[in-house]
Amino acid sequence: MKYNYSLKKLVTLKIGGLAKYFINVQSERTLIEAIEWARKSKVSFCVIGEGSNLIPNDEGFNGLIIKNEIKNLKVDGTKVLIGSGNNLLKIIHRLNKLGLAGMEKMAGIPGTVGGAIFGSAGAYGSDIKDYLVRVKLFDGIKIRWFSKKQCHFKYRESIFKRNKKYIILGAEFKLKNENPEKLYKISEEIIKLRKQKYRQGLLCPGSFFKNIVVGEISPAALKKKFLSKIPKEKVIYGKIPSGFLLETIGAKGMKYGKIGVAKHHGNLIYNSGSGKSNEVVKLAEILKNKVKKRFGINLEEEVQYL
Ligand SMILES: Cc1cc2nc3c(=O)[nH]c(=O)nc-3n(C[C@H](O)[C@H](O)[C@H](O)COP(=O)(O)OP(=O)(O)OC[C@H]3O[C@@H](n4cnc5c(N)ncnc54)[C@H](O)[C@@H]3O)c2cc1C
């Protein structure tokens, strides 16, 4: 256990104060023991992966941060059991080599498999849920399994986001056989494409706001009014990119203190080096207000505040 540990070191945005307590865990048993310690000591806790979707507070975290490094992998034909602390890209490289298909298009999404399940991550038409069969979790008392259905996956939504007591330990996937070379090529192509959006060294938490799912806008009158302001070609697979809304209100290149919006993408908030969490919150609020005023719609954060 470490004390007064810098949250900056744990997140890709490189902001935040100190965590009162910090521990890395490499097994299910040590993760559960850490949670039980927090309970007994009456301190709050948060299990994190690689901090690629997190906005910590400058005031720090008055509790225990548990960094999940459970890295087991068990392969049985096309059935694989993946520990939640595995880095997603490293796992995809291993699966590609084994000729196991299903995850290759998610190559380049930063973070752990657990973080991806929590946030129902996806990219380039491929989602973590696609080949997932069931999730192993700790519910605060015992270890359980949730079927895919029980995980309530939707676009960037899952039961784990809504009920933080469920801690993801691992997941079982049923993949397909494919030529390893073909899988390698697909992943490399995607990684190349992603490098254009996320330039190397950019301190950011990925896309800041969720895209707008047309089917989820209610009431109907709001939906009609909103859609009347959106060019048809901007509705892509039933979603309107927040980047488009943000670019329309002039977000690109905006700044608040040391936090800015990328010049090349309206939905990319970055830290220029010494940014503060209150600047992130303020800039997000300004952007949300402008979008609300122009389009009558509320943007919702994809990132998680800590
Ligand atoms: C450059 C960049 C590009 C990105 N591109 C994409 C993209 O294309 N698609 C996409 O979907 N996302 C993208 N993201 C966002 C991010 O990579 C994903 O959300 C990722 O899955 C988060 O994983 P993590 O391990 O870093 O989670 P963290 O950021 O550490 O945690 C995120 C949340 O998950 C919770 N959590 C983590 N692990 C567990 C667990 N085991 N049990 C319960 N809760 C847990 C945490 O408490 C926290 O609330 C991008 C981020 C960056 C920085």
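Side notes on the structure shown:
- Among the residues of the range 132-143, at least one is at pLDDT 95 or above and either on the phi > 0 side of the Ramachandran plot or among the polar types (S, T, N, Q) (or both).
- Strands (runs of 3 or more DSSP E) contained entirely in the range 7-91, each with at least 1 residues that are touching a residue at least 12 places away in the same chain (Cβ under 8 Å) and of a type in the set (S, T, N, Q): 18-25, 44-48, 61-68
- Checking Leu54, Leu31 one by one, the residue that is over 30 Å from Lys239 (Cβ atoms), open to solvent by less than 40 Å² (accessible area, probe 1.4 Å) and either of a type in the set (Val, Ile, Thr) or out of contact with any helix residue (DSSP H, G or I) (no Cβ under 7 Å at 6 or more places or on another chain) (or both) is Leu31 and no other.
- Checked against the criterion of being under 17 Å from Gln304 (Cα atoms) and open to solvent by 10 Å² or more (accessible area, probe 1.4 Å), the range 260-272 has at least one qualifying residue.
- Pairs with Cβ under 6 Å, 6+ apart, first in the range 187-201 and touching a residue at least 12 places away in the same chain (Cβ under 8 Å) and under 19 Å from Glu104 (Cα atoms), second part of a loop (DSSP other than H, G, I, E, B) and of a type in the set (Phe, Trp, Tyr): Ile190/Tyr124
- Matching residues in the range 158-208 - criterion: being hydroxyl-bearing (Ser, Thr, Tyr), near the ligand (Cβ under 9 Å from one of its atoms) and surrounded by fewer than 18 Cβ atoms within 10 Å (Cβ to Cβ): none
- Per the conditions (1) part of a strand (DSSP E or B); (2) open to solvent by 30 Å² or more (accessible area, probe 1.4 Å), the sole criterion not satisfied by Lys97 is (1).
- For Leu169, the conditions (1) closer than 23 Å to Gly108 by Cβ; (2) in contact with an Asp or Glu (Cβ under 9 Å, 6 or more places away or on another chain) all hold with the exception of (1).
- Close pairs from the range 119-145: first near the ligand (Cβ under 10 Å from one of its atoms), partner among the acidic types (Asp, Glu), Cβ under 7 Å, at least 6 apart: Ser120/Asp127; Ser120/Glu157
- Residue match in the range 225-232 (condition: open to solvent by 20 Å² or more (accessible area, probe 1.4 Å), in contact with a Lys or Arg (Cβ under 8 Å, 6 or more places away or on another chain) and polar (S, T, N, Q)): no
- Verdict on Gly238 being in the same structural domain as Lys292 (by TED's automatic domain parsing) and either in contact with an Asp or Glu (Cβ under 7 Å, 6 or more places away or on another chain) or of a type in the set (S, T, N, Q) (or both): no
The values are calculated or read from the model by the stated rules, or taken from the named source; none is laboratory data. Bear in mind that the values here come from a model prediction, so they are computed numbers and not experimental data. For neighbour counting, all protein chains shown are included, and Cβ atoms are generated from backbone atoms with ideal geometry for every residue, glycine included. Heavy atoms of the whole protein, side chains included, go into the accessibility calculation; ligands, DNA and RNA do not. Shrake-Rupley method; radii C 1.70, N 1.55, O 1.52, S 1.80 Å.
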